[in-house]
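Have a look at the structure below before the remarks.
The values are calculated or read from the model by the stated rules, or taken from the named source; none is laboratory data. All figures in this text were calculated on a predicted structure; none of them were measured in a lab. Note that we place each Cβ from the backbone using ideal geometry, even for glycine, and neighbour counts take in every protein chain shown. What goes into the accessible areas is simple: the full protein's heavy atoms, side chains included, and nothing from ligands, DNA or RNA. Shrake-Rupley method; radii C 1.70, N 1.55, O 1.52, S 1.80 Å.
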Amino acid sequence: MSDDISPIRKQYLDIKRDYPDTILFFRLGDFYETFDQDAQVAARELDIVLTSRNVAKGTRVPMAGIPAHAAEGYIARLISRGLHVAICDQVGDAVGGLMPREVVRVFTPGTLMDETMLAPRANNYLVAALVVENHVGIAYADVSTGEFRATATAGENPAQVLRDELARLNAAEVLVPQGTALGNGPSVAVTELPPWKFELGRCEQTLLEHFSTASLEGFGLAGLPMATRAAGALVQYVRETQPKALGLLAGLAHYSLTDFMLLDAATRRGLELTETLRSREVHGSLLGVLDQTATPMGARLLRVWINQPLLNLAAIQARQNQVQAFVEAGLARVSFREPLGKLGDLERLANRTASGHATPRDLVALRAHLGGLPTVRAALEAAAGLAGFADEVDLCADVLSLLQASIAEDPPTTLAQTGVVRSGFSEELDQTVAGIHEARRWIANLEAEERARTGIRTLKVGFNKIFGYYLEVTRANANAVPPEYIRKQTLVNAERYITPQMKEVEAQILNAEERIREIEGRLFAEVCCSLATAAPRLQRTSAALARLDLVAAFAEIAVQRGYVRPMLVEEDVLEIVGGRHPVVEQFLSPQRFVPNDAVLEGGERIRVITGPNMSGKSTYLRQVALLCLMAQIGSFVPATSARIGLVDRIFTRIGAQDEIHSGQSTFMVEMIEAANILHHATRRSLLIFDEVGRGTSTYDGVSIAWAVIEYIHNHPRLQARTFFATHYHELIRLAEFLPAVRNYNVAVVEQGKKVVFLHQIVAGGADRSYGIHVAQLAGLPRPIIARAEEILAELESQSERADKPRPQMLQLSFVSGNDPLREALAHLDVPGLTPIEALNLLYEWQKRYTSPDGDLSA
């Protein structure tokens with residue numbers, strides 16, 4: 001460092017040293033400046049001019065700045081790119097010509113509190129996680145709502161468990177020990193922390209101190225060191241970045257991954273649960289069509305429910321009962337939802353207030369929301385079926401009374417201006433305000449009095465920031481100026497004067513204004529402190545309103561769209577009659593959506609579905625999965641009736657795209673997803689396969705698809721409810737020797753050269769895909785269509801061997817001396833077989849080498 005470095009440069013470097021991985025916004029006058037590498041990043045990301053500043057003799061460093069009054073928008077842009085920002089403000093008076101400065105706020109993607117930076121209808125989760133061997137610990141929190149949870153689990157692939165949780169939470173930021181590799185997971189801002197911050201002893205002590213308890217048993221963390229380490233690291237991080245928000249994490253709940261239906265990232269994408277595949281927007285997703293909630297709290301809860309379907313039958317039925325109550329109380333439902341929509345985001349407002357981040361306008365909004373609670377509660381009490389919910393809505397009358405008494409009707413936006421506190425709340429403030437009013441009245445009357453006293457009719461009283469209050473007299477009347485006037489400024493055509501009394505009153509006004517700001521700031525902080533003590537009650541009320549908002553929205557949708565209450569049972573069944581795709585149905589309106597059944601008959605486990613392109617196979621597959629998921633979040637479903645056995649997991653292999661960044665082709669992605677399904681599914685799972693094997697050659701694709709169906713059918717652990725859509729018509733032959741396989745197809749009517757898709761799923765297999773017809777509909781040039789028809793006719797006229805590999809397992813020709821079963825036994829490594837592999841082989845041989853009556857077929 002140069003010896004002649006400027007003092008302000010030294011100050012900057014001293015502060016920056018404590019925030020090495022954070023962009024430091026350094027206050028200089030009316031601007032926030034960035035320097036060095038920070039300036040280069042800021043200039044690039046914010047599209048602002050990169051300049052330089054002289055910091056020592058012959059030394060210049062990069063510099064880029066933004067106006068302080070517009071900082072919020074620039075900070076939001078940096079945060080959206082996963083960066084951290086520290087605000088370094090001027091504090092106190094200059095010492096030796098240098099303004100003291102310190103960091104007053106740190107912004108990170110996972111610790112945001114500001115309303116303008118948060119998506120109102122989605123949570124903003126901060127996640128802390130660590131993976132040690134086959135164990136994973138995960139903790140997550142939303143500091144804007146106070147939610148704080150932790151879990152730990154062990155398994156063969158803990159890193160994948162972590163990636164799936166990050167996808168479910170749509171995490172804004174994840175904290176991991178330095179050197180942790182997340183792999184090909186969801187896009188998320190990663191913050192690496194020193195490993196010692198995840199040490200068990202340190203994390204236990206952090207949590208005990210934070211919650212002021214002697215044990216963590218009450219939080220469900222006893223015997224869960226990985227969950228404790230994750231939760232402790234998260235609390236340390238919030239304490240360092242958002243110390244005022246730390247108190248909002250007032251509770252910690254343990255959750256288990258076995259309490260909910262696990263949905264991997266591929267399934268969430270394939271079913272388009274919260275965003276569409278193409279546009280990645282909510283509009284067009286399941287969340288988009290189910291979100292009829294009236295409040296942001298309800299919308300956030302809907303997202304949580306969609307991402308965490310329940311596995312407990314009693315819990316599902318409890319939600320269904322609440323939806324049913326609102327369905328049956330039609331008028332009361334309308335009376336409840338209408339005022340509910342005016343409440344706004346009570347949850348985040350209460351948290352901003354308790355954390356010290358609230359503005360005067362926030363308290364006005366909180367007062368308005370609390371003022372609407374009596375109407376909401378009255379609507380519940382008015383209906384017999386809903387009266388039981390009313391007790392959950394705490395009116396918080398004392399909080400409302402405090403806000404009504406303390407905060408002005410229309411306060412300024414910030415405490416920098418006066419007029420925040422209501423008259424009559426503080427005697428000290430009222431007396432100070434009265435004094436300034438008297439002084440201002442004297443100033444207001446001064447012009448008229450001086451005109452009358454001096455006879456100068458053009459005399460004026462003015463004010464500016466440089467001279468304060470002054471008396472202005474034109475040059476023509478200069479001779480009439482009284483001797484006590486003191487000349488202060490000469491203009492072209494006038495002179496400006498002051499008087500000792502005027503300066504005394506001016507000082508009184510200015511001092512009083514500063515005094516008022518100081519008193520109002522103190523009173524505002526006291527009000528916020530009082531509100532903080534009521535935060536738990538406000539949070540309980542907002543949580544109850546969020547749930548009631550959501551179940552009322554489910555009821556509204558059920559009534560408007562003709563949804564029915566599904567019957568959830570423990571038995572392993574699937575009986576959906578007249579099912580409709582909840583998303584496609586809405587976008588087809590006013591056209592009619594063709595309903596379809598999904599009733600697995602006795603002994604049926606795998607349904608192979610063939611049919612033309614664009615006929616509705618993929619829609620049908622997604623429809624079955626979405627209806628099962630909707631049923632297990634407590635929603636009614638679009639169907640005539642539904643009886644669904646609880647599903648432990650839904651897996652989908654739908655569509656694919658290259659993972660170029662990881663060196664994976666479309667086909668590789670497809671195979672990885674299929675492998676994940678086959679390794680983790682159980683008999684209670686629901687499997688959705690759409691066009692498995694299409695990313696490679698026809699023979700390879702048919703072989704893989706065939707083998708997958710056989711494996712699901714024969715494996716004792718699997719035999720899951722499976723829907724398998726394919727264009728490989730060879731697969732319909734599987735039903736001939738696999739007893740749990742059934743063939744279905746999408747009905748088509750041919751009218752001359754035209755094809756009409758009926759979108760109806762019917763029994764039996766299809767033998768054509770009508771791809772050329774679809775190509776014609778897509779607008780391919782007519783010469784291509786004509787040539788394709790010629791080639792198709794030529795191929796169909798050739799031997800059936802062209803596209804129909806003859807599966808050798810269907811029929812076996814015994815040649816003298818050649819017994820495949822004997823050969824297989826001769827080459828079998830019996831000592832190396834596991835019990836499950838032995839069972840699989842026996843089952844496969846039984847199906848392959850015996851006829852229905854048990855005799856070897858020749």
Inset, instruction - Sort through Thr541, Thr533 and tell me the only one that's of a type in the set (S, T, N, Q), farther than 27 Å from Thr293 by Cβ and under 31 Å from the mean Cα position of the chain (by Cα). - result: Thr533
Inset, instruction - Looking only at region 532-553, decide whether some residue is of a type outside the set (Lys, Arg) and free of Cβ contacts under 8 Å to residues at least 40 places away in the same chain. - result: yes
Inset, instruction - Go through region 664-688 and give me each residue that's over 19 Å from Ala159 (Cβ atoms) and charged (D, E, K, R). - result: Glu670, Arg683, Arg684
Inset, instruction - Filter region 198-209 for residues that are in contact with a Lys or Arg (Cβ under 8 Å, 6 or more places away or on another chain) and open to solvent by 30 Å² or more (accessible area, probe 1.4 Å) and give the result. - result: Glu199, Leu200
Inset, instruction - Within region 690-716, count every residue that is surrounded by fewer than 16 Cβ atoms within 10 Å (Cβ to Cβ), in contact (Cβ under 8 Å) with a residue 60 or more places away in the chain and assigned to a loop (DSSP other than H, G, I, E, B). - result: 1
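At least 2 residues that are under 26 Å from the mean Cα position of the chain (by Cα) in each: list the strands (runs of 3 or more DSSP E) lying fully within region 36-97 that qualify.
Here the list reads 85-90.
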Inset, instruction - Taking only region 322-351 into account, find how many residues are touching a Pro at 6+ places or on another chain (Cβ under 8 Å) and not in a helix (DSSP H, G or I). - result: 2
Inset, instruction - Return the residue satisfying two criteria in turn: it lies in region 487-527 and is of a type in the set (Val, Ile, Thr) and loosely packed, with under 15 Cβ neighbours inside 10 Å, and of such residues it is farthest from Ser423 (Cα to Cα). - result: Val492
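This table checks each residue for (1) on the phi < 0 side of the Ramachandran plot; (2) modelled with pLDDT under 80; (3) of a type in the set (D, E, K, R).
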| site | (1), (2), (3) |
| --- | --- |
| Gly752 | no, yes, no |
| Gln760 | yes, no, no |
| His773 | yes, yes, no |
| Ala786 | yes, no, no |
| Ala793 | yes, yes, no |
| Gln798 | yes, yes, no |
| Pro807 | yes, yes, no |
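Which residues, counting only those in region 417-441, are within 11 Å of Ile519 (Cβ to Cβ) and part of a helix (DSSP H, G or I)? First the steps, then the outcome.
Residues of region 417-441 within 11 Å of Ile519 (Cβ to Cβ): 418, 420-421, 425-433.
Matches in region 417-441: Glu427, Glu428, Leu429, Asp430, Gln431, Thr432, Val433.
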Legend entry - Single residue of Leu311, Leu363 found to be crowded, with 22+ Cβ neighbours inside 10 Å, touching a Leu at 6+ places or on another chain (Cβ under 7 Å) and at pLDDT 90 or above: Leu363
Inset, instruction - Could you grab me the full set of residues in region 727-739 that are modelled with pLDDT of 90 or more and either closer than 15 Å to Ser769 by Cβ or open to solvent by less than 10 Å² (accessible area, probe 1.4 Å) (or both)? - result: Leu731, Ile732, Leu734, Leu738
Inset, instruction - Tell me, yes or no, whether region 277-286 has at least one residue that is free of Cβ contacts under 8 Å to residues at least 24 places away in the same chain and either in contact with a Pro (Cβ under 6 Å, 6 or more places away or on another chain) or closer than 22 Å to Phe689 by Cβ (or both). - result: yes
Inset, instruction - Could you check how many residues of region 134-151 are open to solvent by 30 Å² or more (accessible area, probe 1.4 Å) and assigned to a strand (DSSP E or B)? - result: 3
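Look through Ala128, Ala159, Ala172 and report the one residue that is among the aliphatic types (A, V, I, L, M) and at pLDDT below 90.
Details: Ala128 fails: at pLDDT below 90; Ala172 fails: at pLDDT below 90.
That would be Ala159, the only listed residue that is among the aliphatic types (A, V, I, L, M) and at pLDDT below 90.
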Legend entry - Residues within region 152-162 that are of a type in the set (Gly, Ala, Ser), open to solvent by 50 Å² or more (accessible area, probe 1.4 Å) and part of a loop (DSSP other than H, G, I, E, B), tallied: 0
Inset, instruction - Pick out, from region 207-315, the helices (runs of 4 or more DSSP H) lying fully within it that include 2 or more residues that are in contact with a strand residue (DSSP E or B) (Cβ under 8 Å, 6 or more places away or on another chain) and charged (D, E, K, R). - result: 225-241
Inset, instruction - Would you be able to tell me the number of residues in region 382-409 that are more than 30 Å from Arg422 (Cα to Cα) and not aliphatic (A, V, I, L, M)? - result: 5
Legend entry - Residue ID - modelled with the lowest pLDDT, chosen from residues in region 670-689 that are touching a helix residue (DSSP H, G or I) at 6+ places or on another chain (Cβ under 9 Å) and open to solvent by less than 10 Å² (accessible area, probe 1.4 Å): Ala674
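Can you find even one residue in region 761-772 that is assigned to a strand (DSSP E or B), exposed (fewer than 12 other Cβ atoms within 10 Å of the Cβ) and not basic (Lys, Arg)? Walk me through it before giving the result.
At the first step, the residues of region 761-772 found to be assigned to a strand (DSSP E or B) are 761-763.
So of that shortlist, the ones also exposed (fewer than 12 other Cβ atoms within 10 Å of the Cβ) come out as 763.
Still in the running and not basic (Lys, Arg): 763.
Checking region 761-772: at least one residue is assigned to a strand (DSSP E or B), exposed (fewer than 12 other Cβ atoms within 10 Å of the Cβ) and not basic (Lys, Arg).
For region 604-618, how many residues are assigned to a loop (DSSP other than H, G, I, E, B) and in contact with a strand residue (DSSP E or B) (Cβ under 9 Å, 6 or more places away or on another chain)?
7
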Legend entry - Evaluation of Phe524 against (1) touching a residue at least 40 places away in the same chain (Cβ under 8 Å); (2) among the aromatic types (Phe, Trp, Tyr); (3) closer than 30 Å to Glu450 by Cβ (one fails), failing number: (3)
Legend entry - Pair list, Cβ under 6 Å, 6 or more apart: region 348-361 residue on the phi > 0 side of the Ramachandran plot, other residue among the charged types (D, E, K, R): Gly356/Lys244
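Of all the residues that make up region 540-561, how many are open to solvent by 40 Å² or more (accessible area, probe 1.4 Å) and not aliphatic (A, V, I, L, M)? Break it down stepwise before answering.
First, pick out the residues of region 540-561 that are open to solvent by 40 Å² or more (accessible area, probe 1.4 Å): 540, 543, 547, 559-561.
Restricting the remaining residues to those that are not aliphatic (A, V, I, L, M) gives 540, 547, 560-561.
Total meeting the criteria: 4.
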